There are 2 protein chains.
Amino acid sequence: MELWRDKIRKTEPYIPGEQPEGRNIIKLNTNECPYPPSPMTERVIREYSCGDLRLYPSILCRGLKSALADTYSVEENEIFLGNGSDEVLALCFMTFFNSDKAVLFPDITYSFYDVWCQLYGIPFKRIPLDDSFRIVKEDYFGENGGVVIANPNAPTGIYMGLESIEEIVSANRDSIVIIDEAYIDFGGISAAELIHKYDNIVVVQTFSKSRALAGIRVGYAMADKRLIDALEAVKNSFNSYTLNSLSQIVAEAAARDTQYFRKCCENIISTREWTIAELERLGFDTLPSSANFIFTTNKNIDAKALFEYLREQNIIVRYFNKPRIEQYLRITIGTKEQMEALTAAIRRY
Amino acid sequence: MELWRDKIRKTEPYIPGEQPEGRNIIKLNTNECPYPPSPMTERVIREYSCGDLRLYPSILCRGLKSALADTYSVEENEIFLGNGSDEVLALCFMTFFNSDKAVLFPDITYSFYDVWCQLYGIPFKRIPLDDSFRIVKEDYFGENGGVVIANPNAPTGIYMGLESIEEIVSANRDSIVIIDEAYIDFGGISAAELIHKYDNIVVVQTFSKSRALAGIRVGYAMADKRLIDALEAVKNSFNSYTLNSLSQIVAEAAARDTQYFRKCCENIISTREWTIAELERLGFDTLPSSANFIFTTNKNIDAKALFEYLREQNIIVRYFNKPRIEQYLRITIGTKEQMEALTAAIRRY
């Protein structure tokens, strides 16, 4: 039996974040938006000509690219689309990190960066954040095979100003610098404007957080046309039709509804500031967040014990059993009512 | 400029099949279904609770897996889902072809097999079809790193009987044999039943052809649970949420509408047989097809010239400028009216 076993790839099974099915659970563990997507998305879904699903989706994705081009003042050929920003980032790693030098990223950051490096055989080096969990820009000025910065960083939520991002890009003209902006809309300024000034920056964003569309799996990269061409060539060489027809029209509708988008982000920012203040009264220290989540600790409360207590109260937050951050909880910003329930539960504890 | 150039991956840009936008074009070049998908798909799209798009899709995809399990008399944990069968196949190559021995597939077959081998550094060997474009099963009995058979094969449309498939699987108990059944529903018998008898067979199918849902990008693999676990582990290690929420419910609705599905396939088979007979009257030799396309030649007509003539008549078929098949055209079976227009145009030529 299993005679084929030595020919197949062995991988440590990944344990995905909890996706409980019950509706009475307060789910603050995966940084989803607590509000529904733009009402325009429902309209395009209801009006879609379903018979067209028999056809392959457009590879060019002109409608969605045009909406994003308008939003970010870039050209359509400076945009690359993918099946969620995870796919976009994985393809960026495969396309741009093709040297023998180590790719640099922080020791505490999005957990898939080192996974993709291992998958594609890319050498990498984790650079420690400083004692206040900040990225030290000078650490990324030396020789490297590429740089990846999540900005705001996860799970810290800490944002690095555009000037510092530009210094890192400018110091690495012979490498590609990827700025992963999954959470940029909750208080930061996007580096998208830098793609016309530097040909070595790739800015990656997603519809999963600020656009409230985690369910449609759409992410995108913005960069110099030559970098986008290289990405498209790699993608098309093995999977041409990554973005399905419905996700294309839904994402386009959401991208064009700027007013609704701004309102969502403002609500989340305001609830975040309220939550941080409430938690401070309960003795919590929260890192300065520019994201739709906070990273918080309390020197009198064990983080893991609190995590488990909240779980029993049907409130799910995120706990990382990792060095340096094992006394922190990452809490997604939900609605005001959800955050009131959270702080009330902590108060009882 | 382009100081980063030596660090990025260079790929020959792929030229995708034509996707003309005009509605008055008869599109017989990408093997799409000429009929709309099941009416049940429209119903689930209209009734979908769009606010749920804010949430990540289910990773487990229980609804869709359950519908497929019922259809093929397999267990849910014997099914792997992906973003189109291209993604499923690419992940199968990555997971199962992990040895130093050559993977075997026909010289004339689906054009992505060698692309994926090159992408993942998998050694491979193309085995010539015989003079009548048939796969010779004995060619796949020797030592190898794995086997891939498209059944029916593309672009020939020729089907290999289940007994021959079983002989190949049985002769390769220490390798994985992938049977790519994109076109199986147009006249063949699926090898899905073999997954309970052999632990080294992987059967791959798609919603893009017989289910008329190329636009939603859903493909799947059926195999022994241990092989499915290995696939899931590789996939989840770098992209957990490949299948968006809408595609999941649409595919489930289509999978459950067996009656509509059978009717579509019967119509296409009947139109195919009519087309083959008509073309025979016009002097064409058509390979015996069990697919939703035919592969045909005429010793008195240059295939490329006919392809270009049809193009001018707004009828797009597929021409491959490749050795052995440069005098053939691959023609997707459309509606009866479309095939009448095709044969009328050829008659004029």
Residues with beta-carbon under 10 Å from that of B:Glu326, excluding B:Glu326: net charge, scoring Lys, Arg +1 and Asp, Glu -1?
-> +2
Pseudo-label separations to other copies for A:Glu273 - Cα-to-Cβ vector, 7 Å, nm | 7.4
Kirkwood Rh (inverse of mean 1/r, distinct Cα pairs), segment A:21-63, angstrom | 14.1
If you average the sequence gap of Cα pairs under 8 Å that are 6 or more apart and divide by the length of chain A, what percent do you get for the contact order?
-> 23
Eigenvalues of the alpha-carbon gyration tensor of segment B:253-307, times 5 and square-rooted, give semi-axes in Å, largest first, of 30, 11, 8
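Below 8 Å, C-alpha to C-alpha, sequence gap of six or more: please give me the relative contact order for segment B:50-203 in percent.
About 18 percent, as a whole number.
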DSSP bridge pairs, the protein assembly as shown: antiparallel proportion in percent, nearest 5 | 55
Length gained when the stretch B:Ser111-B:Asp131 is fully extended (0.36 nm per residue, less Cα-Cα span) | 5.2 nm
How much of the DSSP beta bridge set in chain B is antiparallel, as a percent to the nearest 5?
-> 55
Which of A:Ile179, A:Gly51, A:Asn236 sits closest to the plus end of the dipole of segment A:39-256, meaning its Cα is farthest towards the positive end, when Lys and Arg get +1 and Asp and Glu get -1 on the C-beta?
-> A:Gly51
Please give the per residue volume of the convex hull enclosing the alpha carbon atoms of chain B, rounded to a whole number of Å³.
-> 170
So how strong a dipole does chain A carry about its Cα centre when Lys and Arg Cβ are +1 and Asp and Glu Cβ are -1, to the nearest 20 debye?
-> 840
For segment B:166-322, what's the radius of gyration and Dmax over Cα atoms, in angstrom?
-> 19.4, 55
Taking Lys and Arg as +1 and Asp and Glu as -1, residues besides A:Arg126 with C-beta under 13 Å from its C-beta add up to 0
Ignore the peptide's own chain and count Cβ atoms of other chains within 10 Å of each Cβ in B:80-89; give me the average, rounded.
-> 3
Quick one: check the C-alpha center-to-center distance for segment A:195-211 versus segment B:72-136, whole angstrom.
-> 34
Segment A:26-162: D in µm²/s via Stokes-Einstein (Kirkwood Rh, Cα pairs, 20 °C, 1.002 mPa s)?
-> 118
Measuring from the lowest to the highest alpha carbon on each principal axis, how far does segment A:121-166 reach, largest first, in angstroms?
-> 29, 22, 17
Quick numbers on segment B:55-256, Rg and Dmax over C-alpha atoms in Å, give 15.9, 54
Per residue, how much space in cubic angstrom lies within the convex hull of the C-alpha atoms of segment B:222-279?
-> 157
On average, how many beta carbons from a partner chain sit within 10 Å of the beta carbon of a residue in A:228-241?
-> 6
Local electrostatic count at B:Asn200 - Lys and Arg +1, Asp and Glu -1, tallied over other residues with Cβ under 11 Å | +1
Which semi-axis lengths, in whole Å and largest first, follow from the square roots of five times the eigenvalues of the Cα gyration tensor of the protein assembly as shown?
-> 46, 26, 26
When the Karplus curve 6.51 cos²θ - 1.76 cosθ + 1.60 is applied with θ = phi - 60°, which whole-Hz ³J(HN,Hα) does each residue of segment B:147-157 get, with x for Gly and Pro?
-> 9, 10, 10, 7, 9, x, 6, 10, x, 6, x
Per-residue average of Cβ from other chains inside 10 Å of A:185-196 | 0
For chain B, what is the calculated [θ] at 222 nm in deg cm²/dmol (nearest 500), taking -39500 (n - 2.57) for each run of four or more DSSP H residues and dividing by its residue count?
-> -11000 deg cm²/dmol
Considering the zone a paramagnetic label at A:Ala171 would reach in this model (a point 7 Å from Cα along the Cα-to-Cβ line), which residues of segment A:114-145 have amide N under 14 Å from it?
-> A:127-130, A:135-145
Whole-number value, in Å³ per residue, for the convex hull of the alpha carbons of segment A:238-344 is 166
Note on segment B:205-343: contact order normalised by length, alpha-carbon pairs under 8 Å, 6 or more apart, percent, works out to 18
Around A:Ile127, which amide H atoms from residues at least 5 apart in sequence, or from another chain, sit under 5 Å from its own amide H, with H modelled in the peptide plane?
-> A:Phe105, A:Asp107
Considering only DSSP beta bridges whose two residues both sit in segment B:55-256, what percent are antiparallel, to the nearest 5?
-> 40
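We did not get these values from a lab; they are worked out from the coordinates using the rules stated. All of these numbers come straight from a predicted model, not from anything done at the bench. Please note: Cβ atoms are built from the backbone with ideal geometry, for glycine as well, and neighbour counts cover all protein chains shown.
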